[in-house]
Structure formats: C-alpha cells, structure tokens
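Before any comments, here is the structure.
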Amino acid sequence: MDRWLAMGAPIAGLLILAALADGVLQNVADWEWNDVRLARSVGLWYGYALYPGRDAKVPIIGTMHGPLPHLLYSCLVFLKDPTWMLTAGCALSCLLYFGAVLLVHIRAGAKVAGVYGFVACAALLLASPGARYASMSVHVDALATCFAVLAAAILVRDEGPGPRALVVSAVLAMLSVACKQTMAPVAIVLACFVWMVDGKRPFVRYAGAQLAASAAIFVAMLALFRPPRALLFNTFTLAIEQPRIGSIAFRMMRGLVDLRSELAAAAAPLLLLIAVWALTPGSLREKIAKHRWVVFLWMAAFQLPVELRARATFGGGVNHLSVVMLFVALATTLGLVRLGRRTPMDWWRERC
C-alpha cells in the first residue's frame, strides 16, 4: 500500500500544480482589480505616494492595509510588460499561499503522507471561491495568511518550539497583523496557545517578542511612508469607519451559510479528529500538547467573528471567510497526517 501511495504522490502533486497554474491564468484574465493594486505597488518605485491624504479624490483600493504586501509586489517592477507583470503577481500570491500550506504538511510527517495531506488541503481550498480569490490574485491576503500559517506551523511541532523558534513565530504573527489588521486574533490565539501548552515562561518570551516586533514594525512604517498622518488615516481611521452594507445580521448569517457549504467535505474527518482528541487520555493541556494541530481550529474560531463583521462592511467580499476556511482545512488535513503516523503500539501505550 505504501509503495502504491508513493508512486501516486507525484501524479497527485502534478494535478494540483496544473490546477493552480490554470487558476492563476484565469485570475489574470478575469479579475479587474489586479491591475489597480499592482499599479499602486509598482508606483512606489516612481515616487508615487502609497497612502492618499484625507481630502484626496482617488480610489482607495489597496490603501486600507499595511504596506508590506505592496512592497512585496513592487519587486516585479523589472517586468516591463503589463501582462507578464500581472501573471507574475498572481503567481507570487499562489506561491506564498500554497507554499506555506505545503511546508506545514511536509514538516508534519513522512513525505508521502505530507504530499497527500497537501493535495487534500489544496483540493478543499481550490473548491472555495474565496480561497481561490485570496490565493491567486494581487491581494494582501496571500502574504498575511502566509505569515500566519508559518507562525502557527512553528508551534505545531511535536517537540515544542525552542526559545529562538518562539521569537520567530512571534515576529511572523506580528508581520501578519502588519499586512492586514483583521489578522489580530491570530497573534492573540498563538500567545494563548503557548501559555496553555508550553507554560508561563515561554508565554512571557513570546508576548515580549510580539510587543518588540510590533513596535519595530510600526516605527519603520511611520519612518518609510510619509506623511504619517496619511498612513494612520488609511490604515486605522478609514478601516475602522467603513460603512455597513444593509443588515449586518443578514450578511453575517449569509456568510455562515456559505462557509458551511464550503466546509461540508471536511466535516466528517474533522469530527473524527475531534473524537480522537477528546478520547485521548490526560488533562486538557496534555491532550492539546499531543494534538497541536488544534491551534488551527482555535485560530479559525477566533477569526470567524472578525471576518463576518468585515464581510458586512463596504468593500467586503468572498475573500474574508477564506481565512477561516484555510485554518479549518489545515486543521483537518494536518490532523489526518499526524493521525496516520501513529502505529497500533502508540495507541496501546497511550491507553495503558
């Protein structure tokens, strides 16, 4: 069985790669805001301000988030042809988004199990319109979720993170928030996870690294993107005071219905994993330490109300709930990969 799985892994990987390439090309051709966001990023090299002032009469596409994604896409300025530039921008988003997903699964277990875990997770994400948009367009979501996934991946390792790994995870979490303000629950959840699983001393180190990283990032943003008043107006005032679209309760309920339909394929294995986690002997802290993939479920649960609220405001779209979809899909496939590593002897030892 293992031999057949190993033989089929390259074929499954190539199918997913072809699907990703097809999605990138379709996004280049069909989505109209890629050019606007990319033009704003490339304009940095020509002296154009990224953040307009309060009284400026210009489009606000891409101005309500942090500057890190714009700096990333601005590196494509060497491509003079607009078509190649748009294609490279969408491909870069796809590489960041699915590259982080692949890295998490490869580090979770054996190579074959990791490949099939990635294939299953990628299939779930490709079936979601929101995830396809977030991962294959010139958008802040790709880099923000990449940082968040990598920050959580460091904490998911069986042996637990060391002091340096904790600092790296904390910095990545704050970089995610710096890209997109609605990712703030991720930083809180990861700090609480470290406190519950690893203890108070690692939590203090983790929280301290988060504070230091956030202060350094904020100071660097104020120094590089002037005037500071325009930066603060766009990323704080304008983002917070976005008007609502119709009934917020209706929009939130509609979002829950859409999310339920997208997660239907992951429901059965996720319930199995939750049952395995619940039946694992030991205290709550010991159960979580043995099944560290649970952190992605925490991230999804805390991210859900924030994304539902953002989806109900002007400019909200299908990409908001894709963050929750990503974390739930990662929890499901990552849990299955780790479950497949356990032998009957491991189960016997736990029960005894």
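Are there helices (runs of 4 or more DSSP H) fully within the range 21-123 with at least 2 residues that are of a type outside the set (A, V, I, L, M) and over 28 Å from Ala239 (Cβ atoms)? List them.
82-108
So which residues in the range 151-195 are part of a loop (DSSP other than H, G, I, E, B) and either more than 19 Å from Arg309 (Cα to Cα) or touching a Gly at 6+ places or on another chain (Cβ under 6 Å) (or both), if there are any at all?
Within the range 151-195, Arg157, Asp158, Glu159, Gly160, Pro161, Gly162 qualify.
Out of all the residues in the range 218-243, which are closer than 22 Å to Gln303 by Cβ and buried (at least 18 other Cβ atoms within 10 Å of the Cβ)?
If the condition is that a residue be closer than 22 Å to Gln303 by Cβ and buried (at least 18 other Cβ atoms within 10 Å of the Cβ), then Thr235, Ala239 are the ones that fit.
Among (1) modelled with pLDDT under 90; (2) surrounded by fewer than 12 Cβ atoms within 10 Å (Cβ to Cβ), where does Gly8 come up short?
Of (1) modelled with pLDDT under 90; (2) surrounded by fewer than 12 Cβ atoms within 10 Å (Cβ to Cβ), only one is false for Gly8: (2).
Can you work out which of the residues in the range 72-103 that are under 30 Å from Val337 (Cβ atoms) and of a type in the set (Phe, Trp, Tyr) is surrounded by the most Cβ atoms within 10 Å (Cβ to Cβ)? Before you say what the answer is, go through the steps one by one.
Residues of the range 72-103 that are under 30 Å from Val337 (Cβ atoms), as a first pass: 72, 90-103.
Still in the list and also of a type in the set (Phe, Trp, Tyr): 97-98.
Values: Tyr97: 27, Phe98: 23.
Here the answer is Tyr97.
Does Val306 fit the bill of being of a type outside the set (Lys, Arg), in contact with a Phe, Trp or Tyr (Cβ under 8 Å, 6 or more places away or on another chain) and touching a residue at least 12 places away in the same chain (Cβ under 8 Å)?
no
Would you tally the residues in the range 276-322 being closer than 19 Å to Val156 by Cα and assigned to a helix (DSSP H, G or I)?
Count: 20.
Six or more apart or on different chains, Cβ atoms under 9 Å: show the pairs whose first residue is in the range 103-123 and within 19 Å of Leu14 (Cβ to Cβ) and in contact (Cβ under 8 Å) with a residue 24 or more places away in the chain and whose second is outside any helix (DSSP H, G or I) and among the basic types (Lys, Arg).
Matching pairs, first to second residue: Ala113/Arg341.
Does Asp158 meet the test of being among the charged types (D, E, K, R), touching a Lys or Arg at 6+ places or on another chain (Cβ under 9 Å) and farther than 30 Å from Gly66 by Cα? Walk me through it before giving the result.
Details: among the charged types (D, E, K, R): yes; touching a Lys or Arg at 6+ places or on another chain (Cβ under 9 Å): yes; farther than 30 Å from Gly66 by Cα: yes.
For Asp158, the condition - among the charged types (D, E, K, R), touching a Lys or Arg at 6+ places or on another chain (Cβ under 9 Å) and farther than 30 Å from Gly66 by Cα - is met.
Look at Arg205 and say whether it is touching a residue at least 12 places away in the same chain (Cβ under 8 Å), in a helix (DSSP H, G or I) and over 27 Å from Arg311 (Cα atoms). Spell out how you get there, then give the answer.
Numbers: touching a residue at least 12 places away in the same chain (Cβ under 8 Å): yes; in a helix (DSSP H, G or I): yes; over 27 Å from Arg311 (Cα atoms): yes.
For Arg205, the condition - touching a residue at least 12 places away in the same chain (Cβ under 8 Å), in a helix (DSSP H, G or I) and over 27 Å from Arg311 (Cα atoms) - is met.
Among the residues of the range 148-171, count how many are buried (at least 19 other Cβ atoms within 10 Å of the Cβ) and within 15 Å of Leu330 (Cβ to Cβ).
9
The values are calculated or read from the model by the stated rules, or taken from the named source; none is laboratory data. Everything quoted here is computed from the prediction, not taken from an experiment. Positions of Cβ are backbone-derived with ideal geometry, glycine not excepted, and every protein chain shown enters the neighbour counts.
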